[in-house]
Amino acid sequence: MRDRLVVPSSRLIVPAALSRRGFLAGVAAAGLLAACGDDDSGTAATDTPAGSSGDGSGDVAGGIVGGLSALRYYGPYYRAGQPARVPFGLADDEGPLTAELMPGALTVSVRDPNTDEVASGITAELYTEGLPRPYYAFEFTPETAGFYDIVFDTEAGEVITQVQVVEADDPTASAMIGPGDEMPALETPTVDDPRGVTPICTREPDCDLHGRTVADALAAGEPFALLVATPAFCQTVVCGPVLDVLLDVLPDVAGVSAVHAEVYADPEAMATPPTQDDFAPVVGDLGLAFEPVLYTVGADGTVRERLDYIFGEAEIRRALEALVA
């Protein structure tokens, strides 16, 4: 049996004292952060398998066991009329596929809620650098609300998943700051003024992205990135390393700085289940329902891109370089 990556129990990891079920109940009540695409068994959500014999025993391709399915690294937060970045992985009956078993790219087509094909020939590139978990990502623009079928062409056959698109003015989705919006002048925690957040960085050792606030970065009139992530409590192969990846890439992109903001106000004092007050102000200020999130902001203060849930070195580098291109 080949080595396997461990499937994360959640895209948003909380201190061990708080169970995942209790956390989800709490955030549902608070109307805030939620985990992405994972079921209660602790595995990422999967979709229609390709090439399966029906009993999970049929080989469908070299090194792949049983049916091939999509792992959904996203949630129902896409808005009609806006570009949707769709990250996903592949799995068989043994779990997520490792990079050597995944083709370098997949061809994707999209069917709208009326089952009409609205996009075809889209290339979903495989990303492997900077994160232990390989993933694909592609973009399309849904024009109407509803459920869209996403069809991936593989050697094993078609793999089908779905994304949910809501109306542009849906309160849940429209509350989130996104591309084209002005980045609010947030007074994020700094070394000199933690503003009630402790610790201001759960990385060990602390990162050096807490020297100024988002408001300071905006006032400087320079392009920058804002990463909302909690390294200590998101140590899965999906989201844990993103701060380290950002720190590695930043020195290579001249003229771009970054700010890091934690998710929790005080993890040691957090209620079970958590309440709205347990989250750092940045979560509510940006209308976030998940993490990690990376914003890139132009010199004019406008959000250029928002990378959600899973993003590796290549996408981070591309997004930062686009700020100074």
(request) Please work out the C-alpha center-to-center distance from region 194-225 to region 75-99 and express it in whole Å. (result) 30
(request) With unit charges on the beta carbon (Lys/Arg positive, Asp/Glu negative), name the residue among LEU246, LEU288, VAL256 whose Cα is farthest towards the positive pole of the charge dipole of region 239-325. (result) VAL256
(message) With bins 10 Å wide starting at 0, give me the P(r) of region 138-211 over every alpha carbon pair, in whole percents.
(response) 14, 25, 21, 24, 15, 1
(request) Please compute the Cα-Cα pair-distance distribution of region 164-244 with 10 Å bins starting at 0, giving whole percents from short to long. (result) 15, 37, 36, 13, 0
(request) Would you please give the residues with an amide H less than 5 Å from that of THR141, counting only those at least 5 places away or on a separate chain, with H modeled from the backbone geometry? (result) ALA84
(message) How large is the Kirkwood hydrodynamic radius of region 233-325, counting all unique pairs of alpha carbons, in Å?
(response) 14.5
(request) Normalise the Cα radius of gyration of region 73-207 by 2.2 N^0.38 Å (N = residues in it) and let me know the number. (result) 1.32
(request) Using Cα centres only, tell me the gap between region 117-192 and region 252-325 in whole Å. (result) 16
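Is there a quick way to get the dipole size of region 177-230? I mean about its Cα centre, with the Cβ of Lys and Arg at +1 and of Asp and Glu at -1; what is the value in debye to the nearest 20? All intermediate terms of the calculation are to be shown ahead of the outcome.
Working: 3 positive and 10 negative charges, 23 e Å.
Using Cβ point charges on Lys, Arg, Asp and Glu, region 177-230 gives about 120 debye.
Just order 111-117, 140-146 by mean Cβ neighbour count inside 10 Å, highest at the front, would you? Let's see the in-between values first.
Numbers: 111-117: 12.1, 140-146: 15.9.
Those peptides, ordered most packed to least, come out 140-146, 111-117.
None of the figures in this text is laboratory data; all of them are computed from the coordinates on show. From a predicted model like this one, the values you see are computed outputs, not experimental measurements. Every residue, glycine as well, gets a Cβ built from its backbone with ideal geometry; the counts of neighbours run over all protein chains shown.
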